[in-house]
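The values are calculated or read from the model by the stated rules, or taken from the named source; none is laboratory data. Here the structure is a predicted model, which is why all the values come from computation and not from measurement. Cβ atoms come from the backbone with ideal geometry, glycine included; neighbour counts cover every protein chain shown.
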Amino acid sequence: MISLCDLSFAYKSQCILDHVNLEIHQGETLAILGASGSGKSTLLRLLIGLQKPTSGKILWDGQDISRFSETQWDRARMRMGMVFQYSALFDSLSVGENVAFGLRQRTSLADTEIRRIVAEKLALVGLAGKEEARPNELSGGMKKRIGLARALALNPEIILYDEPTAGLDPLRSADINRLIRDMQQQLQVTSVIVTHDMTSAFYVADRLAFLQQGKFRLIADKETFKKTKDRDIQLFIHGGILPHMEMRNNEMEC
Ligand SMILES: Nc1ncnc2c1ncn2[C@@H]1O[C@H](COP(=O)(O)OP(=O)(O)OP(=O)(O)O)[C@@H](O)[C@H]1O
């Protein structure tokens, strides 16, 4: 569905992505993992057209979206939902108007239809009837749910999540993880999740891709990932403590 082809990106002289290739399959949930500063958020920004690659292509259904004009991007973004790290809700707007934001900006739907969609999406994330609440009255977990309802409002084909469990306690994180998986199963939407949270990644993702020094060190399904003998990946998975297994050093598997 989406392919990164020989994609490179640099901020001035700092190379962030170095000739990477990645396939994002229709309907899958793919987790992008990597240390702080490895370029995960940059990759999301490239996928939503907020950055342009230095070289290479991003193909979506055969079209190179990295060369799109702003008008083409306006149409393409209707097919994408983005869930931001700290929810990025407008505190001055009610919850209902936050969820309605993209619908009002990008469609000419009647107000009654927008209200119906907002009610439907809030129900989907377990917050039915919260239209009149203000974001600053809500917990972090509820804000994340509203961010997700907003991303779902335009029925996107792909949802991009930047650290969906950041700042949440383990129980609220589990709640968000379940919700992401439910959305996946109910709506068959393609999802890309940038996260440091290994519990979350293993729970929600079908496949994982580990970014390090501008390259994907490993792109694999969950079982392969858990069993890899790559030392750096095992250290990352286990929070810096190596499990008892035979390790390989500095060997790229992708
Ligand atoms: N606008 C920018 N201009 C210059 N350098 C930037 C910019 N944004 C990010 N960087 C640098 O690019 C590198 C990758 O940043 P990015 O935010 O993509 O990493 P990340 O893997 O998402 O990190 P984290 O997990 O901490 O959010 C970092 O070294 C960062 O300092």
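Scanning segment 161-193 for residues that are farther than 13 Å from K144 by Cα and within 16 Å of the ligand (Cβ to nearest atom) gives V192, I193.
Filtered by the rule that a residue be outside any strand (DSSP E or B), surrounded by fewer than 17 Cβ atoms within 10 Å (Cβ to Cβ) and without any contact (Cβ under 8 Å) to a residue 60 or more places away in the chain, segment 187-222 gives L187, T199, F202, K222. Taking the conditions (1) at pLDDT below 95; (2) more than 16 Å from the ligand (Cβ to nearest atom) in turn, V83 satisfies each one other than (2). In segment 70-91, what residues are under 24 Å from L168 (Cβ atoms) and either among the hydrophobic types (A, V, I, L, M, F, W, C) or in contact with a Lys or Arg (Cβ under 9 Å, 6 or more places away or on another chain) (or both)? Scanning segment 70-91 gives M80, G81, M82, V83, F84, Y86, S87, A88, L89, F90, D91.
Filtering segment 28-43 to residues that are polar (S, T, N, Q) and within 7 Å of the ligand (Cβ to nearest atom) leaves S36, S38, S41, T42. Residue count for segment 98-133 under the criterion of being in contact (Cβ under 8 Å) with a residue 24 or more places away in the chain and within 30 Å of W60 (Cβ to Cβ): the result is 14.
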